[in-house]
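A short write-up of the structure that comes next.
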Amino acid sequence: MNINIKLLKHLNSSTDENKSSLMPKYIAVVSAENLNTYLKYEKIKSKNKNPFKIKTDSIIKIDSEIQRGLDQETKALLQEKSKVEEIKEVLLGVSEGVRQKAFLGCLIWNVRKNSGTLKKRKVSPEDSKFEEYELAIDTTEGIYLPDSAHRHLGICEAVIEYSKNPEKYPDFNPNFEFPVEIYHLNPNQERDLFLELNSKQKKVTAAKRLQIDSSSPAGFLKEVILSKDKTERGLFDENIEVTTNTNDKHTLVTMAVFVASIKEMFGSSIKSIIENESAAEEFAEYFKSYFYELQDKINVKVGSEEIKPFRNLYKEIITKDECDLTDENDINAFYAPKREKAARLNKELRDVDIIVNNQMFKTLSFIGGLVKDFKNPLSIIDLIQRKLLLPSNGKYFQSANPKIMQPFEVG
């Protein structure tokens, strides 16, 4: 198997890899169209989410013992269809995201030492002012992917879909070029590379990923909501947990549940904000107003104390008193007992009442979506307070209440 690709640079080519602490590598460029000829696979029918199976005549291979393994039943790659589809749709310009563009990091190849050679060749004319090179790859086994399999499959899926109807995807170009890091390693070194790329790098948490997402419909609407709220009450300001998926500090809700609640409230209609950003303003205003009404109207009892569960303990407790200290240790000492108090109050509520737990937060959002187009949608919150909480002395959503799972009349 022989291929020639455009070479940009041979990094650290003069180093002796047996003595140097840094491995040499080539930086090359491959087009989407050419990549699709190097990577050949079939999509098999499977109940699982992994339908991709490399063909035997594919130049690009994946060593399942080094990569993520194979589906035991179908022998398909353990690369997820949803991730591949996401890359494909962004490249084709049909993603549901707002102003979505693909960046895509380097593709990673390895031409194994025992089965292939790499040769740098000058291809520019002798009288050219600029030297151009290509990398000639000759291999009997193929080119292995220590990483970036989802990116490879996503690019190829985009080429295949584009070829069916080019006019449908004017944003895509089969001549799009992608950078490739090419190594010349033995299988053990390839395994080390896989481990460095996948186990030694700190992954972005799901909560953090949702926090920084502003391109998906829900992510974009989340940003509009938080921006509006910050200039008004600040109910959600510093009140959303973005590092973990638990509310064991002072926060009202996790980022995962906050974004899920947006989806629960608006359902498929959230897609309308892609073509009409004014719809995002309308949705954000309603979401904000709905939760402000919950903050104002809902009261529960914890022990003998009546509290408002939709609160911002960061503002009420932690930053209530201004700190004029300058030393970092003094500042931490000033806020530490306040953080502890806020976390304790949060826990005391959650230990006995489910009104702000994850599922109830999403359920209340769903109810808000159901009544959104009613003449007076926010009156549902007053109804919850009058029909459920007041008759139960503020303890309707607590485990001690036997009526919690019973339906109630809304008339």
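The values are calculated or read from the model by the stated rules, or taken from the named source; none is laboratory data. Given the structure is predicted, the values throughout are model-derived calculations rather than measurements. Cβ atoms come from the backbone with ideal geometry, glycine included; neighbour counts cover every protein chain shown. Surface areas here come from the heavy atoms of the whole protein model, side chains and all, with no ligands, DNA or RNA. Shrake-Rupley method; radii C 1.70, N 1.55, O 1.52, S 1.80 Å.
Computed quantities for the displayed model
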quantity	calculated
Checking SER95 against (1) modelled with pLDDT under 90; (2) within 18 Å of ALA149 (Cβ to Cβ); (3) buried (at least 17 other Cβ atoms within 10 Å of the Cβ), the condition it does not meet	(2)
Hey, GLU293 open to solvent by 10 Å² or more (accessible area, probe 1.4 Å) and either at negative phi or part of a helix (DSSP H, G or I) (or both) or not	yes
Every pair of residues 6+ apart whose Cβ atoms lie under 8 Å, when the first sits in the range 326-339 and is free of Cβ contacts under 8 Å to residues at least 12 places away in the same chain while the second is outside any helix (DSSP H, G or I) and open to solvent by 70 Å² or more (accessible area, probe 1.4 Å)	ILE331/LEU325; PHE334/LEU325
Counted residues, the range 355-371 - those being surrounded by fewer than 18 Cβ atoms within 10 Å (Cβ to Cβ) and either assigned to a loop (DSSP other than H, G, I, E, B) or touching a strand residue (DSSP E or B) at 6+ places or on another chain (Cβ under 6 Å) (or both)	2
Matching residues, the range 134-191, being polar (S, T, N, Q) and in contact (Cβ under 8 Å) with a residue 40 or more places away in the chain	THR139, THR140, SER148, ASN173, ASN175, ASN186, GLN189
Identity of the residue in the range 326-354, closer than 26 Å to ASN245 by Cβ and not in a helix (DSSP H, G or I), that ends up nearest to the chain's Cα centre (by Cα)	ILE354
Unique match (being in contact with a Ser or Thr (Cβ under 6 Å, 6 or more places away or on another chain) and either more than 25 Å from LEU345 (Cα to Cα) or in contact (Cβ under 8 Å) with a residue 12 or more places away in the chain (or both)) among PHE283, PHE220	PHE220
From THR74, THR56, residue being open to solvent by 20 Å² or more (accessible area, probe 1.4 Å), modelled with pLDDT of 80 or more and in a loop (DSSP other than H, G, I, E, B)	THR56
Tabulated pairs, the range 291-316, first under 14 Å from PHE397 (Cα atoms), second part of a strand (DSSP E or B) and open to solvent by less than 60 Å² (accessible area, probe 1.4 Å), C-beta under 6 angstrom, 6+ apart or interchain	VAL300/ASP353; PRO309/VAL300
Which numbered condition HIS10 fails, given (1) at pLDDT 85 or above; (2) part of a loop (DSSP other than H, G, I, E, B)	(2)
Some residue of the range 130-153 being among the aromatic types (Phe, Trp, Tyr), more than 21 Å from ALA28 (Cα to Cα) and under 29 Å from the mean Cα position of the chain (by Cα)	no
Selection status of ALA102, open to solvent by less than 50 Å² (accessible area, probe 1.4 Å), of a type outside the set (Phe, Trp, Tyr) and over 21 Å from HIS10 (Cβ atoms)	yes
Considering residues of the range 308-354 that are closer than 22 Å to PHE291 by Cβ and aromatic (Phe, Trp, Tyr) only, the residue surrounded by the most Cβ atoms within 10 Å (Cβ to Cβ)	PHE310
Inter-residue pairs, beta-carbon under 9 Å, first assigned to a helix (DSSP H, G or I) and in the range 377-406, second surrounded by fewer than 18 Cβ atoms within 10 Å (Cβ to Cβ) and of a type in the set (Asp, Glu), 6+ apart	ILE381/ASP296; LYS387/GLU409
Flag if VAL257 is touching a residue at least 24 places away in the same chain (Cβ under 8 Å) and surrounded by fewer than 20 Cβ atoms within 10 Å (Cβ to Cβ)	no
When residues of the range 264-276 are limited to those that are at pLDDT below 95, in a helix (DSSP H, G or I) and open to solvent by 30 Å² or more (accessible area, probe 1.4 Å), the one farthest from THR363 (Cα to Cα)	SER272
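One line per residue, one yes/no per condition, for (1) at pLDDT 95 or above; (2) within 30 Å of LYS83 (Cα to Cα); (3) crowded, with 22+ Cβ neighbours inside 10 Å:
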| residue | (1), (2), (3) |
| --- | --- |
| GLY116 | no, no, no |
| GLU126 | no, no, no |
| ILE137 | yes, yes, yes |
| ALA149 | no, yes, yes |
| HIS152 | yes, yes, yes |
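Conditions (1) in contact with a strand residue (DSSP E or B) (Cβ under 6 Å, 6 or more places away or on another chain); (2) closer than 13 Å to TYR183 by Cβ; (3) among the polar types (S, T, N, Q), marked per residue:
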residue: LEU107; (1), (2), (3): yes, yes, no
residue: ARG112; (1), (2), (3): no, yes, no
residue: PHE130; (1), (2), (3): no, no, no
residue: GLU141; (1), (2), (3): no, no, no
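For (1) in contact with a Cys (Cβ under 7 Å, 6 or more places away or on another chain); (2) of a type in the set (Val, Ile, Thr); (3) surrounded by fewer than 20 Cβ atoms within 10 Å (Cβ to Cβ), each residue gets a yes or a no:
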residue: ILE155; (1), (2), (3): no, yes, no
residue: ILE160; (1), (2), (3): no, yes, yes
residue: ASP171; (1), (2), (3): no, no, yes
residue: ASN186; (1), (2), (3): no, no, yes
residue: GLN189; (1), (2), (3): no, no, yes
